[in-house]
Structure formats: structure tokens, C-alpha cells
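Just so it is clear, none of the values below were taken in a lab; they were calculated from the coordinates. Just so it is clear, the structure is predicted and the values come from calculations on it, not from any experiment. Here Cβ is always computed from backbone atoms with ideal geometry, including for glycine, and neighbour counts include all displayed protein chains.
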Amino acid sequence: MTSTVPALHPAVAEFVAADRKMLIGGRWVDAVSGKTFETHDPATGNLITRVAMGEAADIDAAVTAARAAFEGPWSRMKPNERERLIWRVGDLLSERAEIFGQLEALDNGKSVAIATAVDVGWSADVWRYNAGLTTKITGTSVNPSMPFAPGGQFHAYTRREALGVCGQIVPWNFPILMATWKLAPALAAGNTVVLKPAEQTPLSALLLGEIFEEAGFPPGVVNIVPGFGDAGAALAAHLDVDKVAFTGSTEVGKKIVHAATGNLKKVTLELGGKSPNIVFADADLEAAVAGSVAAWMFNHGQCCVAGTRMFVQRDIFDDFTQAVADAAAQAKIGPGLDPTTELGPLVSQEQFDRVSGYIEAGLADGGRALTGGKRWGESGYFIEPTVFVDVEPGFSVVDEEIFGPVVAALPFDDEEDIAAAANKSIYGLAAGIWTKDLSKAHRTAAAVQAGSVWVNQYNGFDTALPFGGFKQSGWGRELGDSAIDLYTQVKAVNIAL
């Protein structure tokens with residue numbers, strides 16, 4: 001299948017032509033050790049550029065800079081002043097959407113069209129939404145009874161205050177978007193930040209650092225330290241960090257919790273998923289096929305909410321799963337920089353090997369691939385979209401998060417059965433339901449254990465809707481005004497008059 005990859009935007013070509021440094025205290029600096037690491041184009045495996053490799057010493061310097069900024073100019077800035085700076089980030093992202101979209105496609109492998117419209121476009125919306133929240137963080141007044149002080153008069157109120165220095169660790173599947181989900185509310189609430197982007201995809205976060213400078217943020221308010229797991233561990237354990245927020249695997253999330261115990265810092269986690277996508281026989285089947293394909297193929301399946309357990313009512317199981325397989329097989333595979341690509345490469349050789357291993361295990365366990373199941377092409381980290389049938393709970397392709405374009409389809413008989421089957425997972429991040437019966441939709445949505453439930457659609461996100469997981473899919477909620485709760489603490493003040 002031929003592919004047409006446009007030339008890089010001059011700004012992107014210039015950005016990757018030089019080794020990239022880290023942002024600490026308003027300065028672009030090399031790692032203390034002088035070490036760098038390589039980042040590669042997953043469509044070809046070719047080197048893109050080299051990036052400063054942050055370690056514990058760099059994290060410590062960044063935390064020190066963030067603390068100085070928090071106790072200095074940032075805490076003295078009025079909410080409406082922060083509002084203007086945060087809004088400006090959204091505007092600058094919109095102005096440079098093509099540049100960020102190309103850089104994201106180059107570094108991550110995702111479709112440049114999706115990266116530009118969704119990752120960058122939505123990020124700009126999140127920045128503006130949170131800009132509006134800066135002036136709306138309020139406390140309450142309370143009329144206390146004070147039964148042990150009869151006859152006294154009191155004035156009592158609450159204040160919602162920033163936490164201080166926040167460490168944020170973001171994943172490689174949506175680099176600019178996940179950074180935005182964490183940075184925007186943290187800054188709106190008045191905190192300062194040390195951000196560690198994923199080592200696989202550090203470039204868009206570093207380019208975002210240039211936007212913070214241009215927008216006029218005081219030095220040290222946002223610090224960006226690329227690096228590997230040891231840098232993330234140092235950030236999570238740092239005794240002068242007041243809160244750590246992490247998006248990634250459940251396994252690493254548990255390590256973050258353990259690391260945070262030293263000073264009992266606040267922790268929020270957005271972790272793994274193995275989301276059920278439930279298709280009833282009375283659904284609009286044409287819409288359900290298209291939506292069910294998108295549920296597990298969007299972003300090449302590298303999506304924590306991916307609907308990779310596809311439950312289909314038995315009456316339509318064979319025809320529906322074949323229709324999904326046929327639709328998936330028609331997707332155009334190619335490099336993300338090709339705007340016509342529908343399925344790009346996985347992010348790295350490591351991820352390619354992981355997904356390939358799951359496919360091999362699914363076949364060895366007795367599963368049957370209606371389509372896919374193999375590598376695509378001779379270079380890059382491409383895997384064909386794969387639809388498994390003849391599987392059952394206990395198979396790794398059914399129970400475990402794969403993070404690739406692989407779905408396991410299972411039949412079910414009745415509405416009464418589906419909730420128990422869907423909930424048979426350690427995860428509870430998202431779920432999809434397809435039916436024309438509104439009452440059935442409401443009953444099933446209530447019964448499914450998931451933080452987000454989408455009916456007759458999939459990936460039904462909105463900036464104003466809270467997002468997070470049940471069970472081992474995480475702690476806390478991002479997006480919406482709920483995100484401000486993650487980055488503030490409440491103080492009660494009671495004054496005897």
C-alpha cells in the first residue's frame with residue numbers, strides 16, 4: 001500500500017535538527033551527568049534526535065526551582081493574571097497546531113490528522129477551560145454552632161489553597177494531551193510543576209516548554225525533565241514534592257504509591273484498562289460496527305480506555321464479529337505523517353514485541369484470528385489489526401491489557417448476564433454500550449463498574465466531564481472542575497469575634 005508523507009514543517013525540522021535540553025528554572029540546560037538518550041521514529045526506527053537524560057540530580061534541581069517559584073512570584077500572582085497566561089498557552093497551541101501535530105506524529109507514530117485535530121486541538125480547549133477556573137476557586141462560609149462555647153460569636157470560612165510543588169509523570173500514547181490534562185489544572189490552582197514526559201515521546205513536551213516561555217510564565221513555574229524510570233522514581237519519592245500525578249500502567253502506579261509514602265504526598269493515578277464494549281442485538285448495527293472498530297483501533301490500540309473486550313449478543317455474534325473484522329482489515333496502514341493513514345505503528349520495538357507476544361499467546365491458547373495476527377511490512381513497528389474469537393476468560397488476550405490493535409470478542413446471552421461478565425476484571429476505566437432500548441442502556445450503565453460509560457458511541461470524552469477509573473484503574477478524576485480538587489487542599493478558619 002503506497003504512502004505519501006509530506007515534508008516536515010520547517011519549524012519541526014529545525015526543532016529536531018539539534019539535541020534537545022531540559023527546562024529547569026527558566027533555563028534550557030543539559031543533564032547534570034551530561035548524558036543524552038535517543039528518540040526514534042516508530043514508522044522507520046530511524047533516529048529523530050537526542051534528548052538530555054534527566055536523573056535524580058536533575059529532578060532535585062527542578063524541584064528546587066519549582067519550590068522557589070511557588071513561594072515567590074507565582075503565589076503572589078492574582079488569579080486573573082494566571083488566567084491570562086494559561087489562556088495564552090491554549091492560543092499558542094492553536095496557532096501552532098500543525099507543528100505540534102507533525103512532531104507528535106513523528107515521535108509517537110500516530111496519525112498526523114488525529115494528532116493535530118484531537119491531541120493538539122483538544123489540548124488547546126483544555127488550557128482555555130482551566131484558564132476560566134482560576135478565578136472560580138472558592139471557599140464557603142459556615143455558621144458554626146460551637147456547643148462548647150455557648151454565647152460566643154464566630155466567623156468561620158474555608159479556603160481552597162494550592163498544594164505547592166506537583167510532580168507529574170505522563171505516558172507516551174497521548175504525550176501533549178496527557179501533559180495538558182495534568183499541567184493545566186495544576187497551574188490554574190496555583191501550583192508549580194515538575195513534568196517528566198515519557199522517554200519514548202519527549203519532544204512535544206519540550207516544545208510546549210518554549211510556549212510557556214513565550215506566554216510569560218515566571219521561571220520555575222513549569223520545569224520539564226525528560227528521562228527514564230529512575231527519574232520518575234526520584235520525582236515520586238522526593239520529600240519536597242507535595243503531590244504526584246501519574247498516568248501509565250497499573251504495575252508502575254503501585255510503585256508510585258509506594259515511593260510517595262516517604263512524606264505521604266498526595267497521589268492521583270490514571271492507570272490501565274481492559275474495557276468492555278457491549279453490543280446488544282437491538283443496536284444500530286452499522287453504527288455499532290464502526291464504533292466498535294474505533295473502540296480498539298483508535299490510536300493504534302494504544303489507549304487506556306480501548307474497548308478490547310467486545311461482548312456481542314449471541315444472536316448476532318458471528319455476523320457482527322465478521323463485519324468488525326472486515327472493516328478493520330480495510331484500514332490503511334502506514335506512517336503517522338501520512339495524513340491518509342488510519343493505523344500507524346506501535347510506539348517502539350518493546351511495544352511491538354509485547355503486542356506480538358500477546359497475539360502468539362492468544363493463538364496458542366486456542367483463539368482464532370478472523371483477521372490480522374501478523375506483522376505488517378518489513379520495517380517499523382506495524383502490526384495488523386487483529387480480531388480474536390473462540391476465546392474465553394483466562395486467556396491473556398481476554399484478561400490483560402495489550403495496548404495494541406487487538407480485540408477479543410465474546411458472546412453473551414441476556415442482559416442479566418452481561419454485567420457480571422463485563423465486571424470480571426481488575427480494571428474499571430471505561431465501557432461502551434450499544435442498544436436502541438433506553439431503559440436497557442440506563443440499567444447496564446448503572447451495573448457496569450467503570451468510571452466512564454459511553455452509550456451508542458465510544459471515546460465519548462468532553463473537557464467538562466470528569467475522567468478516571470474504578471478498581472485498579474486508578475485514583476481521582478481528571479478533566480472538568482473535578483480536576484481542581486486534585487490540586488488543592490481545604491483550610492478551615494474559625495475566628496472568635
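Checking a compactness column here: for region 187-243, what do you get for Rg(Cα) / (2.2 N^0.38 Å), N being the number of residues? Walk me through the numbers before you get to the answer.
Details: Rg = 12.0 Å, N = 57, 2.2 N^0.38 = 10.2 Å.
Here the answer is 1.17, to two decimals.
Per residue, what volume in Å³ does the convex hull of the Cα atoms of region 1-115 enclose? Output value, Cα hull per residue: 128 Å³. With the highest mean first, a sort of the peptides 37-43, 178-184 on other beta-carbon atoms found within 10 angstrom per residue produces 178-184, 37-43. The label point for GLN349 and the one for GLU214, both projected 7 Å from the Cα toward the Cβ, are 3.6 nm apart. Take each peptide in 459-467, 394-402, count the other Cβ atoms within 10 Å of every residue, and average; sorted highest first, the result is 394-402, 459-467. Relative to the dominant Cα principal axis of the chain, helix 121-133 is inclined by about 30°. Placing dummy labels 7 Å off each Cα toward the beta-carbon, the span from GLU392 to GLU161 is 5.9 nm. Listed peptides 166-174, 80-88, 476-484 appear in the order 166-174, 476-484, 80-88 once ranked by packing, highest mean of other Cβ atoms within 10 Å at the front.
Normalised by 2.2 N^0.38 Å, where N counts its residues, the alpha-carbon radius of gyration of region 326-377 equals 1.26. Sequence-distant contacts, meaning Cα pairs under 8 Å at least 6 residues apart, place the relative contact order of the chain at 18 percent. D by Stokes-Einstein for region 370-497, Kirkwood Rh over Cα pairs, 37 °C, 0.692 mPa s: 184 µm²/s.
Taking 0.36 nm per residue of separation and subtracting the current Cα-Cα distance, fully stretching the chain between ASP19 and SER439 would add 145.5 nm. Taking every Cα-Cα distance in region 123-179 and sorting them into 5 Å bins from zero, the calculated P(r) comes out as 4, 13, 12, 15, 15, 10, 8, 7, 6, 5, 4, 1, 0 percent. Distances between placed amide hydrogens fall under 5 Å for ALA198 paired with VAL170, all partners being 5 or more residues away or on another chain.
Annotation: the antiparallel percentage among DSSP beta bridges lying fully within the chain is about 40.
Taking a quarter of the surface of the Cα convex hull of region 146-266, what do you get in nm²? Don't jump to the answer; show the numbers that get you there.
Working: hull surface 41.6 nm².
The Cα convex hull of region 146-266, projected and averaged over all directions, gives 10.4 nm².
Annotation: amide H of TRP376 within the under-5 Å range of PHE382, ILE383, GLU384, sequence separation 5 or more or interchain, hydrogens built in the peptide plane.
Region 44-118 and region 421-497 have Cα centres lying 27 Å from one another. Between the residues ALA431, ALA420, PHE403, the greatest Cα displacement towards the positive end of the dipole of region 378-459, with unit charges on the Cβ of Lys, Arg, Asp and Glu, is found for ALA431. Estimate the FRET efficiency between ASP284 and ILE426 by the formula 1/(1 + (r/R0)^6), using the beta-carbon distance for r and 35 Å for R0, to the nearest 0.05. Given R0 = 35 Å and the Cβ-Cβ separation, E is 0.65.
With θ taken as phi - 60° and the Karplus curve 6.51 cos²θ - 1.76 cosθ + 1.60 applied, the whole-hertz 3J(HN,Hα) list for region 34-39 is x, 6, 10, 9, 9, 10 Hz, x standing for glycine and proline. Using the Karplus relation 6.51 cos²θ - 1.76 cosθ + 1.60 with θ = phi - 60°, the per-residue 3J(HN,Hα) values for region 291-308 come to x, 6, 5, 4, 4, 10, 9, 4, 6, 6, x, 8, 8, 5, 8, 3, x, 8 Hz, with x marking Gly and Pro. For MET53, the residues 5 or more places off, or on other chains, whose built amide H falls under 5 Å of its own are ALA31, LYS35, THR36, PHE37. Karplus-based coupling profile of region 230-240, in residue order and whole Hz: 5, 5, x, 5, 5, 5, 5, 8, 4, 6, 9, with θ = phi - 60° in 6.51 cos²θ - 1.76 cosθ + 1.60 and x standing for Gly or Pro.
Please report the projected area of region 275-389's Cα convex hull averaged over all directions, in nm². Don't skip to the answer; put the middle values down first.
Values: hull surface 29.1 nm².
So the Cα hull casts an average projection of 7.3 nm².
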